[in-house]
Amino acid sequence: MKSIRKNFLYNVVYQLLLIVLPLITTPYVSRVLGVDGVGTYSYTYTIARYFVYFAMLGVQNYGNRSIAAVREDPEALSRTFWQIYGLQFLCAAISTVCYFAFVQIANRTYYWISLIQGVYVLSAILDISWFFFGLEEFKITVTRNIAIKLGSLACIFLFVKGEGDLWKYTLIMALGVFLSQGYLWLYLRRFVRWSRPAARAVLGHLRPALVLFVPVIAVSLYKMMDKVMLEAMSSITQVGYYESAEKILNIPLGVITALGTVMLPRMSNLAAKGQVEESKRYIYSSILFAVFLACAMLFGIAGIASDFVPIFLGSEYLPCVGLLWMLAPTIFFLAWANVIRTQYLIPNHHDRSYIVSVVLGAAVNLLVNVLLIPSMSAMGAAVGTLCAEGVVCIYQTLAVRKELPIGRYLRDTLPFLAIGAGMWLLISWLSSRISGAALALVAEIAIGGAAYRLLSAVYMLVSRNPLAVALLQKRKGNRG
C-alpha cells in the first residue's frame, strides 16, 4: 500500500510548483495581455472546460473510486480500466465534435482563440489520470506535470510578448494539457493488459458515472459559469478582474486540493474493506490540517490584498482587492467541504447527499448572480460564489452529522479562526505603520506568518491537539 505521507508530499511538491509558477507568470501575463486579454482567455477556456466536463462524464471521481476498489486484483483492474475508458472515449469523441461545431456556429466573437482551445478539449480523450490516482501512483502524474509545466513556463516568456500574442499563450496552455495527458499512456502497460470491453459492460458504467457527473456540472455552475454570465451581463473587462482575483486565491488552495486528491483513493479502499474506525481517524486528522492551512490562507490573503495586488498584477487590477476580500472566506468552506466530500461522501457512495449539496449551491449561485451581476458586476459574482460555497459546506456537514463527530471537529478547529483573525489584525496594523507597499508586504507576510505559526503551535501543544502530538512523536522517532 502506498504511503499517504509520500503521496501527499508528491502532490504538495507539485502544488508548490503551481504556486511558484503563477507567481512568476501572472504578473507578466497580466501586464502583457492586459485585462481584456486575460478576460478573453478566461471566457474561452471556461466554454471549452464545459465540453471537457461532458467528455469526462464524471469519470474522474467514479474511475478513481472504482480503480481503488479493485487495484489488488490484476484481472479485475485491467477489465475495469478498459470498460471505464471505453465509456470515456465514446463521450470524449462526441463532445469534441460538438465543441468544434459550436465554435463554427455560435462562438464567432472569439473564433480563433476558441478554435485553439479545441486542443484542450481534445486532451480529454487521452486523460487517464483517474486510473493512476486510483492506484495511488502519484509520482508518475506529478513528475510528468512538473516537466510539462516548466516547459510551458519557458514558452510563455519566449513567445508571448504583447496583446497580439494571446493566441500563442492559449496554444501553449492547451498543448501543455494535451501533452501532459498523452504522457501517461507510456506507463499504462506496466499496470494493465489489453482486455476488449463488451459494449454492455461499457454502458454498465454509464449510470454510476452520470451520478457523479451531476455534481461536476453543478459545481462548475458556481465555479466557472460566473465568467460566462459576467461576459453576457457585464463586460470582458469584468471577467478579467474576476479571473485575476480567482487566480490569486487558487494559488494556495492547491495544497488543500492535494490532500483531497491523495485521500480519495485511500478512503475508497478502506470503505471497500469496511475499515470504518481507521477512516474516521484519517478524517479527523485531515479536518484539523485542512482548517489550520485554510485559516492562515483566508486571513493572510485578506490582510495583504491591498499591498499585494498592485505589485503582483499592476495598478490596472485594483478592483481585484475588493474581490479578494469577498472571496477569501470561501477558502474555509472549500477546505472543510473538501475533506467531507473526498474522505466520506464519495468513498462511502453517499452520492445523493453530495449531489443535493452542489445542486443547491449552484441554484443559490445562479440566483445571486442574476440579481447582483447587472448592478455589481464582478463583485456580484463574488458574492454569489461565497454564498454557494457556504451553502455546500453547511449542507454536506449536516448530511454527515449522525455518522461523524462534527461537534468535536468544530471544537478543535474553531480556535484556528480566532488565531487567523488575530494575524489579520496584526497585518492591518503593520500595513498602516510601514510606508512603501513592497516593504509592507514583506513585513506582513513574514511577521504575520510567524505569529500565526507560533500561536497555532501554542494552542496545539496546550490542547494536546493530535497534529502537535503526531509531529512531536515523529521528531522523537527521528532523533531515536
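The values are calculated or read from the model by the stated rules, or taken from the named source; none is laboratory data. Predicted, not measured: the structure shown is a model, and the values here were computed from it. Please note: Cβ atoms are built from the backbone with ideal geometry, for glycine as well, and neighbour counts cover all protein chains shown. Keep in mind that these areas ignore ligands, DNA and RNA; they rest on the heavy atoms of the full protein, side chains included. Shrake-Rupley method; radii C 1.70, N 1.55, O 1.52, S 1.80 Å.
Provide, for q = 0.12, 0.16, 0.27, 0.29 Å⁻¹, the log10 of I(q)/I(0) from a solvent-free Debye sum over equal Cα point scatterers in the stretch 178-246.
-0.66, -0.85, -1.06, -1.08
State whether the stretch 139-234 is rounded, prolate or oblate according to the following rule on the C-alpha gyration tensor (a ≥ b ≥ c being the square roots of its eigenvalues): a/c under 1.5 gives rounded; otherwise a/b larger than b/c gives prolate, and the remaining case gives oblate.
oblate
What pairs from Lys247/Lys402; Lys227/Lys273; Lys223/Lys402; Lys139/Lys402; Lys149/Lys280; Lys139/Lys273 go past 32 Å between their alpha carbons?
Check vs 32 Å cut-off fails for Lys247/Lys402; Lys227/Lys273; Lys139/Lys402; Lys149/Lys280.
Can you show me the helix-derived [θ] at 222 nm for the chain, built from DSSP H runs with n ≥ 4 at -39,500 (n - 2.57) apiece and divided by the number of residues, rounded to the nearest 500.
About -29000 deg cm²/dmol.
Of all the accessible heavy-atom surface of the stretch 232-342, with the other protein chains kept in place and a 1.4 Å probe, what percent is carbon and sulfur?
Carbon and sulfur together cover 62 percent of it.
Would you report the distance distribution of C-alpha pairs in the stretch 15-134 as whole percents per 10 angstrom bin, up to the bin with the largest distance?
13, 31, 29, 20, 6, 0
Quick check for me: using +1 on Lys/Arg Cβ and -1 on Asp/Glu Cβ, what's the dipole size of the chain about its Cα centre, in debye to the nearest 20?
That gives a dipole near 1680 debye.
Would you mind getting the Kirkwood hydrodynamic radius of the chain from its Cα pairs, rounded to one decimal in Å?
23.5
Just by accessible area at a 1.4 angstrom probe, what is the order of Lys273, Lys227, Lys247, Lys161 from largest to smallest?
The ranking, largest first, comes out as Lys161, Lys273, Lys247, Lys227.
What's the magnitude of the charge dipole for the stretch 249-377 around its Cα centre, counting Lys and Arg as +1 and Asp and Glu as -1 at the beta-carbon? Answer in Debye, nearest 20.
The calculation lands at about 440 debye.
Which one, Ser315, Phe100, Ile148, is farthest towards the positive end of the dipole of the chain when Lys and Arg carry +1 and Asp and Glu -1 on their Cβ?
Final value for the positive-end residue is Ile148.
Please give the contour-minus-distance gain from Arg189 to Ile146: 0.36 nm per residue of separation, less the Cα-Cα distance, rounded to one decimal in nm.
In short, 13.3 nm is gained.
Nearest 20 debye, what's the magnitude of the dipole of the stretch 128-216 about its Cα centre given +1 on Lys and Arg Cβ and -1 on Asp and Glu Cβ?
Here the stretch 128-216 has a charge dipole of around 440 debye.
I want to check the label-to-label distance for Leu360 and Phe159. Put each point 7 Å from Cα in the C-beta direction and report it in nm to one decimal.
Taking the simple label geometry, Leu360 and Phe159 are separated by 4.7 nm.
At a probe radius of 1.4 Å, what is the per-residue accessible area of Met233, in Å² to the nearest 10?
The value for Met233 is about 70 Å².
How many nm separate the modelled label positions at Asp36 and Arg196, each set 7 Å beyond the Cα in the direction of the Cβ?
If labels sit at Asp36 and Arg196, their model points lie 5.6 nm apart.
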